[in-house]
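Where a number appears in this text, it was derived from the coordinates with a stated rule and is not lab data. Treat the numbers as computed from the prediction; the structure is a model and nothing was measured. Neighbour counts run over all protein chains shown; Cβ positions are idealised from the backbone, glycine included.
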Amino acid sequence: MSETPKLVLFQCQWCLFSPADQEWVDTQLPENIHLAKVPCTGRINPLYLLNAVQGGADGVMVSGCLPEQCHFKTGNIAARRQLEEFSDYLNHIGYEQDRIRFLWLDLQDRGIIQKELAAFEAQITALGPAHNLATRVNETAGGANA
Amino acid sequence: MSNEARSPYLPIPMHVLHAYYESTDRSLKTLELSFDDPQDAREFFAAFNPGQFCLLSVIGKGESALGVASAAWEGDFVRFTAQKLGSVTNALHELKPGDPIGMRGPLGNGFPLEDWKGKDLVIIGGGCAFSTLYALTKHLHHPSNRGDYGKLTVIYGTRTSGLCMYKQDIAAWHQRDDMEVHQAIDVPEQDWLHHVGYVPDVVKEVSPSPVNSVAVVCGPPIMTKFTLPALVELGFTPETIFTSLEKRMKCGVGKCGRCNLGPKYICKDGPVFSLAELNALPADL
Amino acid sequence: MHDLDALKAEAKRLLIEGVVDMVIGFKAGDTPLHPQPAFFKTAEEVDQLVYNALCQNNLATYLTRFPKTLKIGMLVRGCENRSVNALVFEGQHPRESLYLIGVPCEGIIDWRKIVEQTGEEVVSVIEQSDNTVLVEAKSGYYTLEKDSLLHESCARCIHPNPVSADIVIGELLPEGDPALARKQVAEFAELSLQERHAWFRQEAERCIRCYACREACPMCYCEECFVDHICPRWTESGTTPAGMQGWHIVRAFHQTGRCTSCGACERACPMDIKMTYLTEKLNDDMRRKYNFEVGLDATTPPPFSTITLDDKSRFVV
Amino acid sequence: MNLILKKDQLNHLLDAWRKDYEVYAPQSLQNYTHFLPLQDGFELAFDKAHNTRIPPKALFLPTSEALLKFTKFGGYEKVPLETAPRIIFGIRPCDAHAMTMLDTVFEQERYTDPHWQARRDATVLVGLGCHVPCHIGFCTTVGSGPFNHAGLDAILTDLGEIFLVETLTEKGERLFTQLETASEEQSIQASKLQQDAAASMPIAFETEGLKEKLDQNFDSPYWEEVSRSCLGCGVCTFLCPTCFCFDIVDEAQRGERVRNWDTCMFRTYSLEASGHNPRPSRVERTRQRLNHKYSYWVDQINQIGCTGCGRCVRYCPVGLDIRAMLRKAHQLPSEVAHV
């Protein structure tokens, strides 16, 4: 029995060029996916990822634009070394690296985010819930808040 | 006798009665809180003495120490004026009437009114620290208290007229015959009728007589630093000059250790100290 | 062995000729196992200079506490020199107002390892030329192998020699074997995920949050540390599992590409908590992914502050 | 009342206590000793170090503790107090003496800390005297001692094969009911050993007139000198049995108001909302730490606020030694008290 995994999506608000995709993300995002829109992937500080992971996220997806298509020119490159290293580092202490995924979208892409999220959810369901590091979850949400 | 039966850390459940801005630049806001449980009100006012402070508690934000700005006779509410500075005071500024809030108090020693009986009083305040002096003045205005004290002089300075607190009430004080009010602002403004200048200079200008008289000073550290020597110059002895001190406080009941001034804790042994007591303590402010 | 007289002579020259306003070194501690960092301002004070394998602090941590206009002389070993370079690169002190007296380092002794063998009551510790240490304790005399007493970070040190000192006193030592440095990370990586997590929890949750590791680290000089932030509160402030893990994760991560593996954090910890296994992983990644070694000079920017398009890592899908 | 406890009966007695008490005793954790509850097959660790790394104050004032829980509709609810009966076995006299000082803070008549009081009332302190005093400790210098009785309900003296048990309070007597009384000669042997232990400890620094010297040199450059190499960490205060400062923090995500250990050595300890900090650098903070223990405590309870356990000396990362600092303080000039 694998209950639906709790996912967090850090979505750069520029990267979904088609209004339909952005509309879907804003309104029909499945219940178990928590959305955090950011002005740019460069704005995502590893502490955001840590807060998501400690808050009980089984998987975290960061979606942004392809390197040359960033609305802020180099925003999406600035943070990627930090985020990538942070995911490698969390793996070092017990949070599988596959639980953090980066998704780079081309401006022409349509309907990619839905598919990618579904694939990511399947992958995380296979991995199972992430008990390690989920220490900041309130008792009411069933966290290991010992 | 006050509320030591309950845990000293458990706030009294209160709710906001009134909330209105006190200064034109919206940096000061006055909150009037009333008690959810009348029994708490009785206990509070049984132990309350002007000059005491309380720790206002906002859930998830923390607590902040504020002087009580209302006298007991004004009614079953407690008034505070908060300057918007940190996370707790920001939350206080967003409170609307009816919102729940916690309050721990009354804490501290407050003004030694018993010792001052029969004496003239000079009340010198500056900026938003005037709140506890406002409570003291209102306490003295009550017919049953006013007779115990002699001449009452109030000197209240603020940077600008907009920052002056309790404007209507203080304006009415000018008409009272049983007290003398001197207001001051730092920089001259259009149609400002009172003093212009810093409080220490205004004190020298007013030069209240030290004979059988007590002075209370409450204001920003810079003002207290220059007002105390001015009073000593006028002839006030260190035993007759009092001030209410400000330092970082957390528990408010003399346990967390951070508001100490030498062996004394400002929250438990103060916040009101005489200059004589202060001179015996190290300059660790 | 360090040539103490030569070090003293150089330090005195610097002060007498006014090359620097102050020389940072060590002086005899009040207890034999702990020489104290010392700040010499006059030539006479330099007579108190002591320099041996028990000097366990990274002196570069004091650099950010003095005004940038102050001309500072400092005794630097390999890791300290690289910490100073990293601080100079981050604009914490101009290199021209620094005079670095380089000392090739044979490794710092972990005083806890001495106490384990000789008991707490140590009277004196004397380094001897044949790489042994003579310890006089209440329970008798001990001659111990120095290599067995070295702190783990020093046992796997790659850069014992100062890299950019103004003068080097003592002969240079052979460079360490990089595989040795990787050994700890490789061994830890072989453990299963749950074993790694169990070790991380066991070490992190003994912490009492006294922040000695933060204050001992030269690269931790923030005016307001992320643990002092209130809105938002990045990690929990208490010694709960969440707070302790959050603190250890982020403190080490802030040293990525900045930590010179000096081990001062572990030596300062009163609870003997192991934490270099976190920073060594990050240093190893920086070497492996970006071929970057911190502090070899004061000009190459660390990986997180450079932007290049040709990264081969998982990022570019 | 002096009793005799054979060493080989000790574990048996501890097991008996465990039936209706939670018994804490120093056991080894990593390579230091720590007060841990006894589990089956426990192993006491008295030989390794004299004192546990963290003082037993942590069992009464935990490093982190919830004071209040937030209820859903914006209210507060109390946290249940810990009243389970406990025994702390093997506490050293310096740590127990420190507990009596902390009682004067947490059990004041007007404001009693319920969390502290509940734990103190529920706990019996069974001390183990230091028949071989530790090298760095200086308890006899500051009014404590290797066999000081302050704060203890009973104290054991190691006489080789047996312990001589002196029950000091009614709580202590209840624990040692089946033991036979000590013979006259054993009692003499124990008290002789106790005096020798105390006498063997050198006086680390002169405490006569020390308070006046500290008070009169509040603005002296001495403070800058002794604190120059201080890192400003919390080791000396967190490991000190008489340090009690704490911070109160609202952890919104946990829904609790939490009390954490805090220390005057940190910048944020005295930083005011206006940005002013009365103790901006390590100089003022070191001055506060030393003055609090060697001057302010003396004003408050007429005792030096230090029991000489030596932890701050052993574990300071830069080797600062409070004994040396106080020796220097005693040589300071004694000007006229500042007016």
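Taking the beta-carbon count within 10 Å as an exposure proxy, list B:Asp76, B:Asp201, D:Asp153, D:Asp40 from fewest neighbours to most. Mind showing how you got there, number by number?
On the way: B:Asp76 13, B:Asp201 16, D:Asp153 23, D:Asp40 6.
Placing the least packed residue first, the sequence is D:Asp40, B:Asp76, B:Asp201, D:Asp153.
Compute from the Cα atoms of chain B the Rg and the Dmax, the latter being the longest Cα-Cα distance, and quote both in angstrom.
For chain B, the Cα-based Rg and Dmax read 18.1, 54 Å.
Too long at a 31 Å Cα-Cα cut-off: which of A:Lys6/B:Lys61; C:Lys71/D:Lys213; D:Lys78/D:Lys293?
Working: A:Lys6/B:Lys61 28 Å; C:Lys71/D:Lys213 35 Å; D:Lys78/D:Lys293 33 Å.
Violating the 31 Å limit, Cα to Cα: C:Lys71/D:Lys213; D:Lys78/D:Lys293.
Below 8 Å between Cα atoms, with a sequence gap of 6+, how large is the relative contact order for the stretch A:7-136 in percent?
On the way: 188 pairs, mean separation 43.3, N = 130.
Relative contact order comes out at 33 percent.
How large is log10 of I(q)/I(0) for the stretch D:210-330 at q = 0.12 Å⁻¹ when the intensity is taken from the Debye formula with one equal scatterer per alpha-carbon?
-0.47
Enumerate the calculated ³J(HN,Hα) couplings along the stretch A:17-23 in order (Karplus 6.51 cos²θ - 1.76 cosθ + 1.60, θ = phi - 60°), each rounded to whole Hz, writing x wherever the residue is Gly or Pro.
6, 8, x, 4, 4, 4, 4
Over the Cα atoms of chain C, what Rg and Dmax result, in angstrom?
Rg, Dmax (Cα atoms, Å): 20.1, 65.
Just need the Rg to Rh number for chain D, please, alpha carbons only, Kirkwood Rh. Numbers along the way, then the final one.
Working: Rg = 21.5 Å, Rh = 21.7 Å.
My calculation puts Rg/Rh at 0.99.
State, to one decimal in nm, how far the label point of B:Ser144 lies from the label point of A:Gln97, with both points 7 Å from Cα in the Cβ direction.
Here the answer is 7.8 nm between the modelled labels.
For q values of 0.14, 0.16, 0.18, 0.23 Å⁻¹, compute log₁₀ I(q)/I(0) with the Debye formula on a Cα-only model of the stretch D:242-301, without solvent.
Log10 of I(q)/I(0), two decimals: -0.51, -0.64, -0.76, -1.00.
Which residue fluctuates the most in chain D, going by a Gaussian network model with Cα springs under 10 Å, if the choices are D:Thr268, D:Thr207, D:Thr286?
Sorting by GNM fluctuation, first place goes to D:Thr268.
Work out from phi, with θ = phi - 60° and the Karplus expression 6.51 cos²θ - 1.76 cosθ + 1.60, the ³J(HN,Hα) of each residue of the stretch D:277-285, listed in order in whole Hz, and give x for Gly and Pro.
Values, residue by residue: 10, x, 10, x, 10, 5, 5, 5, 6 Hz.
Using Cα pairs closer than 8 Å and at least 6 residues apart in sequence, work out the relative contact order for chain B, in percent. Working shown, then result.
Details: 585 pairs, mean separation 49.4, N = 285.
Value for chain B: 17 percent.
So which residue, out of C:Gly73, C:Gly29, C:Gly238, gets the largest mean-square fluctuation from a GNM of chain C using Cα contacts under 10 Å as springs?
Sorting by GNM fluctuation, first place goes to C:Gly238.
Kindly point out, ordered by number, any Cys in chain B whose beta-carbon has no other cysteine beta-carbon under 4.7 Å away.
B:Cys54, B:Cys128, B:Cys164, B:Cys218, B:Cys259, B:Cys267
Tell me which residues come under 5 Å, amide H to amide H, from B:Glu180 once H is placed; ignore anything under 5 positions away on its chain.
B:Leu152, B:Thr153, B:Val154
What's the exposure ranking of D:Leu179, D:Leu68, going from fewest to most Cβ atoms within 10 Å?
Details: D:Leu179 18, D:Leu68 24.
Ordered by Cβ neighbours within 10 Å, fewest first: D:Leu179, D:Leu68.
Of all DSSP beta bridges located in the protein assembly as shown, what percent are antiparallel, nearest 5?
Values: 85 of 146 bridges.
In the protein assembly as shown, approximately 60 percent of DSSP beta bridges are antiparallel ones.
What number, rounded to the nearest 500 deg cm²/dmol, is the helix-based mean residue ellipticity at 222 nm of chain B, given -39500 (n - 2.57) per DSSP H run of at least four residues and division by all its residues?
On the way: 9 runs with 71 residues, N = 285.
Result for chain B, helices only: -6500 deg cm²/dmol.
Of C:Gln245, C:Gln194, C:Gln202, which is the most mobile in a GNM of chain C whose springs link Cα atoms less than 10 angstrom apart?
Per the Cα network of chain C with a 10 Å cutoff, C:Gln194 tops the list.
Label the stretch C:119-200 by shape, choosing from rounded, prolate and oblate, from the square roots a ≥ b ≥ c of the eigenvalues of the Cα gyration tensor; if a/c is under 1.5 it is rounded, and otherwise prolate applies when a/b is larger than b/c, oblate when it is not.
On the way: a/c = 2.93, a/b = 1.24, b/c = 2.36.
Oblate.
Taking amide H positions as placed in the peptide plane 1.01 Å from N, state which residues far from C:Ile167 in sequence (5 or more) or on other chains have amide H under 5 Å from it.
Residues meeting the criterion, in which the H sits 1.01 Å from N, are C:Leu100, C:Gly102.
Please give the calculated 222 nm ellipticity per residue for chain C, where each DSSP H segment of at least 4 residues contributes -39500 (n - 2.57) and the sum is spread over every residue; nearest 500 deg cm²/dmol?
Details: 11 runs with 104 residues, N = 317.
One gets -9500 deg cm²/dmol as the mean residue ellipticity at 222 nm.
Provide the net charge surrounding C:Pro218, with neighbours chosen by a C-beta distance below 14 Å and charges set as Lys +1, Arg +1, Asp -1, Glu -1.
Working: positive: C:Arg65, C:Arg77, C:Arg82, C:Arg214, C:Arg251, C:Arg258, C:Arg267; negative: C:Glu80, C:Glu90, C:Glu215.
Result for the local shell: +4.
With the cut-off at 1.5 for a/c, could you classify the stretch C:69-193 from its C-alpha gyration tensor as rounded, prolate or oblate? The partial results should precede the final answer.
On the way: a/c = 2.15, a/b = 1.35, b/c = 1.59.
Oblate, since a/c reaches 1.5 and b/c is not below a/b.
Across 10 Å bins from 0, what is the distribution of all Cα-Cα pair distances for the stretch A:7-136, in whole percents?
13, 46, 34, 7
Express the Stokes-Einstein translational diffusion coefficient of the stretch C:32-115 in µm² s⁻¹, to the nearest whole number, given a Kirkwood radius over alpha-carbon pairs, 37 °C and a viscosity of 0.692 mPa s. If you can, show how the numbers build up before the last one.
Working: Rh = 13.9 Å.
Taking Rh from Cα pairs, D becomes 236 µm²/s.
Which whole number gives the average count of other chain Cβ atoms within 10 Å of the Cβ atoms across peptide C:253-260?
Values: counts 8, 1, 0, 6, 3, 0, 0, 0.
Whole-number average of other-chain Cβ neighbours for C:253-260 is 2.
What's the FRET efficiency of A:Lys73 with C:Asn291 using the Cβ-Cβ distance as r and R₀ = 30 Å, to the nearest 0.05?
Working: r = 26 Å, r/R0 = 0.87.
For A:Lys73 and C:Asn291, the calculated efficiency is 0.70.
Would you grab the residues whose amide H sits under 5 Å from the one on D:Val124? Only those 5+ places off in sequence or on another chain, please, with H modelled 1.01 Å from N.
D:Arg86, D:Ile87, D:Ile88
Sequence neighbours fewer than 8 away in the same chain don't count; with that in mind, list the lysines whose C-alpha is under 16 Å from C:Lys27.
Straight-line reach from C:Lys27, under 16 Å: C:Lys8, C:Lys12, C:Lys41.
Modelled label-to-label distance, B:Arg42 and C:Arg13, 7 Å Cα→beta-carbon offset: nm?
Going from the B:Arg42 label point to the C:Arg13 one covers 8.7 nm.
What is the mean number of Cβ atoms from other protein chains located within 10 Å of the Cβ atom of each residue in peptide A:76-86, rounded to a whole number?
On the way: counts 1, 7, 4, 2, 6, 15, 6, 1, 6, 12, 5.
That works out to 6 on average.
Taking every residue in C:200-210, how many Cβ atoms of other protein chains lie within 10 Å of its Cβ, on average?
5
Can you tell me, using C-alpha contacts under 8 Å and at least 6 residues apart, the relative contact order of the stretch D:2-199 as a whole percent? Write down the numbers at each step before the final one.
On the way: 314 pairs, mean separation 46.3, N = 198.
Across the stretch D:2-199, relative contact order equals 23 percent.
Given the DSSP H assignment, sum -39500 (n - 2.57) over each helix run of at least 4 residues in chain D and divide by its residue total; what's the result at 222 nm in deg cm²/dmol, nearest 500? Each step should come with its number before you reach the end.
Working: 12 runs with 98 residues, N = 339.
Estimated from H runs of four or more residues: -8000 deg cm²/dmol.
From zero up to wherever the largest Cα-Cα distance of the protein assembly as shown sits, split into 20 Å bins and tell me the percent of pairs in each.
Whole-percent P(r) values from 0 Å outward: 11, 36, 37, 15, 1.
Work out from phi, with θ = phi - 60° and the Karplus expression 6.51 cos²θ - 1.76 cosθ + 1.60, the ³J(HN,Hα) of each residue of the stretch A:112-127, listed in order in whole Hz, and give x for Gly and Pro.
6, 4, 5, 5, 5, 5, 5, 5, 5, 5, 4, 4, 6, 4, 4, 5
Compute the Rg to Rh ratio over the stretch C:242-284 from the alpha carbon atoms, using the Kirkwood formula for Rh, and round to two decimal places.
With Rg and the Kirkwood Rh in hand, the quotient comes to 0.95.
How big is the stretch C:1-141 by the Kirkwood estimate over distinct Cα pairs, in Å?
Here the Kirkwood hydrodynamic radius works out to 16.0 Å.
Would you mind giving the average projected area, over all directions, of the Cα convex hull of the stretch B:175-265 in nm² with one decimal? Before the final figure, lay out each step's value.
Working: hull surface 34.3 nm².
Projected over every direction and averaged, the Cα hull of the stretch B:175-265 covers 8.6 nm².
Are there any helices in chain B, counted as whole DSSP H runs, that stretch 15 Å or more along their axis by Cα and score at least -1.0 on average by Kyte-Doolittle, and if so which?
Working: long enough: B:130-141 (16 Å, 0.18); B:221-234 (20 Å, 1.04).
What comes out of the filter, once short or polar helices are dropped, is B:130-141, B:221-234.
For a bin width of 5 Å, list the pair-distance distribution of the stretch B:12-107 built from all Cα-Cα distances, rounded to whole %.
Bin by bin from 0 Å, the calculated values are 3, 15, 27, 28, 17, 8, 2, 0.
Quote to one decimal, in nm, the extra length available between C:Asp166 and C:Glu44 on full extension: 0.36 nm per residue of separation minus the C-alpha distance between them.
Details: separation 122, 0.36 × 122 = 43.92 nm, distance 2.26 nm.
Stretched fully, the C:Asp166-C:Glu44 segment lengthens by 41.7 nm.
Please label the shape of the stretch D:211-252 as rounded, prolate or oblate, based on the square roots a ≥ b ≥ c of the eigenvalues of the alpha-carbon gyration tensor (a/c under 1.5 means rounded; beyond that, a/b larger than b/c means prolate, else oblate).
Working: a/c = 2.39, a/b = 1.95, b/c = 1.22.
In terms of gyration-tensor shape, prolate.
Evaluate Rg over Rh across the stretch B:113-244, taking Cα atoms for both radii and Kirkwood's formula for Rh.
Details: Rg = 13.8 Å, Rh = 14.8 Å.
When Rh is taken as the Kirkwood radius, the ratio is 0.93.
Once both labels are modelled 7 Å past Cα along the beta-carbon direction, what's the D:Gln108-D:Asp196 spacing in nm?
The answer from the label model is 4.6 nm.
Give me the compactness ratio for the stretch A:54-108, meaning the Cα radius of gyration over 2.2 N^0.38 Å. Intermediate results must be reported in sequence, preceding the final value.
Values: Rg = 12.6 Å, N = 55, 2.2 N^0.38 = 10.1 Å.
Against the empirical 2.2 N^0.38 Å value, I get 1.25 for the stretch A:54-108.
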